[in-house]
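Pasting a structure below so you can have a look.
The values are calculated or read from the model by the stated rules, or taken from the named source; none is laboratory data. Predicted, not measured: the structure shown is a model, and the values here were computed from it. Cβ: placed from backbone, ideal geometry, glycine included. Neighbour counts: every protein chain shown. Just the protein is used for accessible areas: all its heavy atoms, side chains included, with ligands, DNA and RNA removed. Shrake-Rupley method; radii C 1.70, N 1.55, O 1.52, S 1.80 Å.
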Amino acid sequence: MSDAMAKNAAPVVAVLGAGSWGTALAHLVSAKGAQTRLWARDAGDVERLTSTQENDKYLPGARLKNVRFYADLEEVLRGASWIISAVPCAGVPSLTQNLVSLMEPHAVVVNGTKGLHPEIGLRPAQIWQQNAGICGARYVALSGPNLAREIVRGVPTATVVASDDEASAIAAQELFNTPSFRVYTNTDLLGVELGGALKNVVALAAGMGDGLGFGDNSKATLVTRAWHEMMRLAVALGAREATLWGISGLGDLLATCVSKYSRNRNLGEHIAKGENLRTAQGEIMQVAEGVNTTRAALQLAREVHVELPVTEQIAAVLFEGRDVRVAVQELMNRAGCRE
């Protein structure tokens, strides 16, 4: 990271993705005085945001007084020392390919995407490195129990920034840290990104239980067992177990599995109430990363020979039309009960 970036009191920050999460991050860094730009794919959305200074489509009530809006990638990236990516994981490959020649040479990417690519099973860090050569000191992941609506309300929240380069993690900590948004650093980039992705699969299961009207006993059992298998997969892939027990793992899991704002939990609930996947996705109107991550997690599990019984049942419900009640019975009747 250049000395100029470190000394710049008002860094130029480009936030890519104008959904609820990208909007919340733009709101957060702009409140700290950063020169903040928010990029949306649709020019009509940019026009509306510029006119109202509010993202009433995805995050109503969050005023964006000190944010400028763009639909052109070249314009939004010009002079930006920080690039915050908040696009769905499936869109990361095309985004990285489009911006690799437009970025400032020393710009640092902060990945806010929590997912695995549905077709290639890669984490965002792997895609950024493969397509844009961004890694090491130029790449930071941000992950935690970070519900956008609560962040913009100033509700006490914590998150983790992780990088292979500790100095970059500390710089990102300084960029985001506020009295209501406490930022921890970590050098287990793999564990932080896997925790943020895999917990979405568990949230789908939690929502399915809610949709069936199950009680607290059922939810506690399902979430615990599902998270146990996700941790087993993450550790087999090289993550530190301690990271999965932390803010970006267990912390994010708890928020995502219980919150009424959790798109993955909500999607699972819709499906358990009888809606098919396409209809349920239309109801929540935003990308639920757990759907694609379910596919990717099973692909990775096969590669490292890890058994994921809960995830397999979730996949059967999502992609094969299996009734949620049948999936529950399959899990309850599995042979062997040793913990």
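Kindly establish whether ALA280 is touching a His at 6+ places or on another chain (Cβ under 6 Å), surrounded by 22 or more Cβ atoms within 10 Å (Cβ to Cβ) and in a helix (DSSP H, G or I).
So ALA280 passes the test.
When you look at LEU122, is it farther than 26 Å from THR157 by Cα, among the hydrophobic types (A, V, I, L, M, F, W, C), out of contact with any Leu (no Cβ under 6 Å at 6 or more places or on another chain) and open to solvent by 10 Å² or more (accessible area, probe 1.4 Å), yes or no? Outline the logic, then answer.
Numbers: farther than 26 Å from THR157 by Cα: yes; among the hydrophobic types (A, V, I, L, M, F, W, C): yes; out of contact with any Leu (no Cβ under 6 Å at 6 or more places or on another chain): yes; open to solvent by 10 Å² or more (accessible area, probe 1.4 Å): yes.
Yes: the conditions hold for LEU122.
Which ones in the stretch 241-272 are surrounded by 24 or more Cβ atoms within 10 Å (Cβ to Cβ) and out of contact with any helix residue (DSSP H, G or I) (no Cβ under 8 Å at 6 or more places or on another chain)?
Correct list: empty.
Out of SER94, SER81, SER85, which single residue is closer than 13 Å to LEU16 by Cβ, surrounded by 16 or more Cβ atoms within 10 Å (Cβ to Cβ) and of a type outside the set (Val, Ile, Thr)?
Sole residue among the options that is closer than 13 Å to LEU16 by Cβ, surrounded by 16 or more Cβ atoms within 10 Å (Cβ to Cβ) and of a type outside the set (Val, Ile, Thr): SER85.
Additional query: Go through the stretch 96-190 and tell me which helices (runs of 4 or more DSSP H), entirely inside it, have 1 or more residues that are within 23 Å of TYR261 (Cα to Cα).
Values: elements: 124-132, 148-152, 166-176.
Output list reads 148-152, 166-176.
Quick grid of which residues meet (1) outside any helix (DSSP H, G or I); (2) open to solvent by less than 70 Å² (accessible area, probe 1.4 Å):
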| position | (1), (2) |
| --- | --- |
| VAL287 | yes, yes |
| ASN292 | no, yes |
| GLU303 | no, no |
| GLU312 | no, no |
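Could you list, in sequence order, all residues of the stretch 68-99 that are closer than 16 Å to LEU49 by Cβ and among the charged types (D, E, K, R)?
Scanning the stretch 68-99 gives ARG68, ASP72, GLU75.
Taking the stretch 61-78 on its own, how many of its residues are touching a strand residue (DSSP E or B) at 6+ places or on another chain (Cβ under 7 Å) and open to solvent by 50 Å² or more (accessible area, probe 1.4 Å)?
Of the residues in the stretch 61-78, 3 are touching a strand residue (DSSP E or B) at 6+ places or on another chain (Cβ under 7 Å) and open to solvent by 50 Å² or more (accessible area, probe 1.4 Å).
Can you find, within the stretch 203-240, the residue that is nearest to THR256 (Cα to Cα) among those that are acidic (Asp, Glu) and open to solvent by 10 Å² or more (accessible area, probe 1.4 Å)?
ASP210
Restricting the search to the stretch 160-170, which residues are touching a residue at least 60 places away in the same chain (Cβ under 8 Å) and either open to solvent by less than 20 Å² (accessible area, probe 1.4 Å) or closer than 17 Å to ALA26 by Cα (or both)?
VAL160, ALA162, SER168
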